[in-house]
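Before any comments, here is the structure.
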Amino acid sequence: MGNTPKSWKTIEIEQQCDRGWTKETIARVIEDWPSVKDYAYIMHDKDAEENIHCHCMLRFRDSVPTSAVLAKLNKHGVEASAQQLEKCKKWESAIAYLTHRNKPEKHQYEYSEVVSNFDFVTMTEKEVERINTRWDATRSNEIVNAIASGEIKPYNMHEKLTAVEFNTYSKDIRNAQEYRKNVLLSNMAKEDRGMEVIFITGPSGVGKDVCAKDIAVKNGLSMYRCSNSEKPFDDYRGQEVVVWSDARDNEKMPQEILRLLDNHQQTAEHARYKNLVLECKKFIITSIKPLEQWYADAFRGKEEDRVQLFRRVGTIIEMTPKTLLYKVWNEKTRCHEYITEKPLPNVYYAQYESEFLDTKEKKINALKNVLGAIIDVADFTLDYVDENQKQIGDFMPVPDESPFGD
């Protein structure tokens, strides 16, 4: 039998129909063969320059000897020899071949022409997708160059690549990302980062974060927002705008702040898994403290360091519930100067204020949005709400003395 295997776990049997290998015969063989776990077969009657024949793919529960395969076929009147048996090197590929989906140059048979006891359609389509997206030098070069140029970044990778491409080119992607990080760090001695630092200050609830988001949106830039933590940039993925919200002046050491905001020095920030490079175009800080008070204690007695901090902040936006004031750094006078003679209206507070639950209707609807179908708005009459609002002290009395002592 030459190189014919002694036993089979998967097998393809191809034979001409005029030799007894018909769809009806295949059905009888399978019905008489308990060892068969999965099967799929089809008649090819439209192949160019080929006789009508049938393909049958079988997957057995356990290995079946060659002698048993031939005996089963002969039992049902099929003329077969060991040379006509072929092992399925890749089961998924063999199944896709039944309809020629993985051979586009051949006639494409309909799925309905296949007889099977499993979901061969999904298997076929996944195999075709794998073939169409398997590693390709041209596509690999496109992805690598797009990452190296900054067109593809971690935050938008899902928009630029399919899940299959991400898996296929994962090694190329990692290498390209490491290359880009090294290029950014090596360029710090040659060119500025091109980063603008903006400091937005004002009391809580005046719309500082709304203003920061608007800066990103109106400029068509992606945004990463972080708050106070030991490693605020853990989830940074290359966005063009970084918003450090409610930045406290005790989260980082003064020299870390100066390095972080330095437009002449690229930085590698500590993150959860490895260092990453901040390559943002705008770095926005929001704080309830004005810049003059932010880190004032840390820089006390270090006037030159304080000036360096002010120089790094190119723009200041001062907010109140009603007004906006803009200031820019003047290197000649070494201070921030107002650029408007009178305050501008604070349009962001209006947006923020619209979300206040300051009416009875808003409160009831907010409850409905949170609790969903269990709430019937009609049950909550405004008089009932008013009455319970008055009686809230009965439910939560305020103690005369603290239960925790002095």
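Details
- Checked against the criterion of being farther than 30 Å from A298 by Cα and either open to solvent by less than 30 Å² (accessible area, probe 1.4 Å) or not in a loop (DSSP other than H, G, I, E, B) (or both), region 193-210 has no qualifying residue.
- Taking every residue in region 126-155 that is under 30 Å from N102 (Cα atoms) and pairing it with any residue that is among the aromatic types (F, W, Y) and surrounded by 16 or more Cβ atoms within 10 Å (Cβ to Cβ), at least 6 positions away or on another chain, the pairs with Cβ-Cβ distances below 6 Å are S140/Y169; I143/Y169.
- Per the listing Y338, Y295, Y326, the residue uniquely of a type in the set (S, T, Y) and open to solvent by less than 40 Å² (accessible area, probe 1.4 Å) is Y295.
- Test: residue in region 359-372 that is touching a Cys at 6+ places or on another chain (Cβ under 9 Å) and modelled with pLDDT of 80 or more: no
- Helices (runs of 4 or more DSSP H) contained entirely in region 55-174, each with at least 2 residues that are open to solvent by less than 70 Å² (accessible area, probe 1.4 Å) and not small (G, A, S): 66-75, 91-97, 120-132, 137-149, 163-168
Conditions (1) of a type in the set (G, A, S); (2) open to solvent by less than 10 Å² (accessible area, probe 1.4 Å), marked per residue:
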| position | (1), (2) |
| --- | --- |
| A212 | yes, yes |
| L221 | no, no |
| F233 | no, yes |
| G238 | yes, yes |
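- E24 assigned to a loop (DSSP other than H, G, I, E, B) and not basic (K, R): no
- Test: residue in region 14-21 that is closer than 30 Å to E129 by Cβ and either crowded, with 19+ Cβ neighbours inside 10 Å or free of Cβ contacts under 8 Å to residues at least 24 places away in the same chain (or both): no
- Qualifying position, being in contact with a Cys (Cβ under 9 Å, 6 or more places away or on another chain), crowded, with 18+ Cβ neighbours inside 10 Å and either assigned to a strand (DSSP E or B) or not charged (D, E, K, R) (or both), among I42, I30: I42
- Within region 341-355, the set of residues being open to solvent by 70 Å² or more (accessible area, probe 1.4 Å) and of a type outside the set (S, T, N, Q) comprises E341, K342, L344, P345, V347, Y352, E353, E355.
- Of the candidates D235, D246, the single residue that is at pLDDT 85 or above, on the phi < 0 side of the Ramachandran plot and assigned to a loop (DSSP other than H, G, I, E, B) is D235.
The values are calculated or read from the model by the stated rules, or taken from the named source; none is laboratory data. All of these numbers come straight from a predicted model, not from anything done at the bench. Ideal geometry is used to build each Cβ from the backbone, glycine not excepted, and the neighbour counts take in all protein chains shown. Surface areas here come from the heavy atoms of the whole protein model, side chains and all, with no ligands, DNA or RNA. Shrake-Rupley method; radii C 1.70, N 1.55, O 1.52, S 1.80 Å.
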